Amino acid sequence: MKVTKAIFPVAGLGTRFLPATKANPKEMMPVVDKPLIQYAVEEAVSAGITQLIFVTSSSKRAIEDHFDSNFELESNLIERGKFELLEIVRNILPEGVSCAYIRQKSPQGLGHAVWCAKEFVLNEPFAVLLADDLIDGGKKSCLQQMMDVYQQTNTSVVAVEKIAQTETKKYGVVDVDVTKMPIAVIRGIVEKPQPDKAPSNYGVVGRYILKPRIFDLIENISQGSGGEIQLTDAIETLLKEEEVYALQFKGKRYDCGSKLGYLEATLAYALKHPELAQDFKHSLQGFLECME
Ligand code: G1P
């Protein structure tokens with residue numbers, strides 16, 4: 001069955017970026033000239049997703065507005081003959097792609113956020129994308145690489161990357177036969193283990209393709225790491241019933257939930273931006289010379 005629906009959990013408070021995220025959703029923070037959520041949406045749409053399901057909270061109105069039309073802005077751009085900008089503003093989503101928004105009333109964890117979308121997904125496989133994780137897959141996006149594995153195996157797929165042993169407490173960590181990587185059946189998965197308890201140094205990044213069975217399993221798990229309903233724990237239960245694959249994707253992931261990762265992403269995307277790259281490189285060289 002084709003995967004056409006994607007869930008974007010965007011209800012988080014973004015406390016790591018306060019005060020920037022006091023009134024603005026963290027997913028709306030720009031990397032050069034596009035908000036983080038737009039990169040995730042573009043990755044999903046280019047991989048064949050046509051239904052976008054956002055799990056939001058009260059302070060996230062800007063996300064809905066971003067993917068909606070803006071009559072006042074569009075009329076103004078038409079009046080001023082700014083047709084190139086008009087195209088950019090109008091074509092954020094291609095024809096045939098629809099959006100749905102569901103409120104997660106209180107932050108209860110990623111598993112709970114995903115579960116909130118159950119009524120929209122029904123009995124279909126679906127993708128989950130966390131906009132915090134900005135992934136430059138080069139020629140083939142991370143989600144497209146996962147779709148390829150899904151098509152071949154018809155099983156759920158989780159994206160992973162190698163992480164430092166000291167970082168395991170920030171990630172879901174998979175137990176896999178490391179000799180089989182970049183694609184291996186997951187034997188176990190644990191949310192944010194201490195380094196000495198981690199089953200490997202492959203950490204889950206924010207891309208999943210999941211079978212709908214996961215919804216029933218989320219309903220039956222209890223609070224896990226951080227007192228939250230963890231998607232990782234539901235996947236661990238799913239493993240007892242069916243195979244789930246870990247894919248070590250090709251590409252570079254930026255952890256835009258952290259200040260350093262966000263700055264790195266900004267640098268990397270500015271350095272490959274068609275209008276900016278040249279000038280930005282010069283500025284950067286200037287800065288570096290001053291520091292020497
Ligand atoms: C979530 C997941 C975690 C995963 C991470 C990837 O954690 O719970 O398993 O490794 O995303 O970014 P969070 O970063 O939301 O705490």
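Filtered by the rule that a residue be in a helix (DSSP H, G or I), in contact (Cβ under 8 Å) with a residue 12 or more places away in the chain and open to solvent by 10 Å² or more (accessible area, probe 1.4 Å), the range 7-64 gives 16, 17, 26, 28, 38, 39, 43, 45, 46, 62, 64. Residues that are open to solvent by 30 Å² or more (accessible area, probe 1.4 Å), within 14 Å of the ligand (Cβ to nearest atom) and not in a loop (DSSP other than H, G, I, E, B) within the range 224-247 comprise 225, 226, 227, 233, 236, listed in sequence order. For beta carbons closer than 6 Å, sequence separation of 6+ or different chains, a first residue in the range 230-254 that is more than 23 Å from residue 152 (Cβ to Cβ) and a second that is among the hydroxyl-bearing types (Ser, Thr, Tyr) and buried (at least 22 other Cβ atoms within 10 Å of the Cβ), there are no qualifying pairs. Name the residues in the range 162-184 that are surrounded by 14 or more Cβ atoms within 10 Å (Cβ to Cβ) and within 14 Å of the ligand (Cβ to nearest atom), would you? Hits for the range 162-184 are 163, 167, 168, 169, 170, 171, 172, 173, 174, 175.
Out of everything in the range 94-129 that is polar (S, T, N, Q) and surrounded by fewer than 22 Cβ atoms within 10 Å (Cβ to Cβ), what residue ends up being modelled with the lowest pLDDT? Talk me through it step by step, then tell me what you get.
In the first step, residues of the range 94-129 are kept if they are polar (S, T, N, Q); the result is 98, 104, 106, 108, 123.
Narrowing further to those that are surrounded by fewer than 22 Cβ atoms within 10 Å (Cβ to Cβ): 98, 106, 108, 123.
On the way: 98: 95, 106: 86, 108: 92, 123: 93.
Looking at the filtered set, the residue picked out is 106.
Out of everything in the range 272-281 that is assigned to a helix (DSSP H, G or I) and out of contact with any Leu (no Cβ under 8 Å at 6 or more places or on another chain), what residue ends up being most open to solvent (accessible area, probe 1.4 Å)? Within the range 272-281, the match that is most open to solvent (accessible area, probe 1.4 Å) is 278. Among the residues of the range 120-154, those that are away from the ligand (no atom under 16 Å from the Cβ), closer than 26 Å to residue 260 by Cα and charged (D, E, K, R) comprise 139, 140.
For the residues 269, 208, the requirement of being near the ligand (Cβ under 10 Å from one of its atoms), open to solvent by less than 50 Å² (accessible area, probe 1.4 Å), among the aromatic types (Phe, Trp, Tyr) and not in a loop (DSSP other than H, G, I, E, B) singles out 208.
The values are calculated or read from the model by the stated rules, or taken from the named source; none is laboratory data. Everything numeric in this text was worked out from a predicted model, so none of it was measured. Neighbour counts are summed over all protein chains in view; Cβ atoms, including those assigned to glycine, are modelled from backbone coordinates with ideal geometry. Side chains included, ligands, DNA and RNA excluded: accessible areas come from the protein's heavy atoms. Shrake-Rupley method; radii C 1.70, N 1.55, O 1.52, S 1.80 Å.
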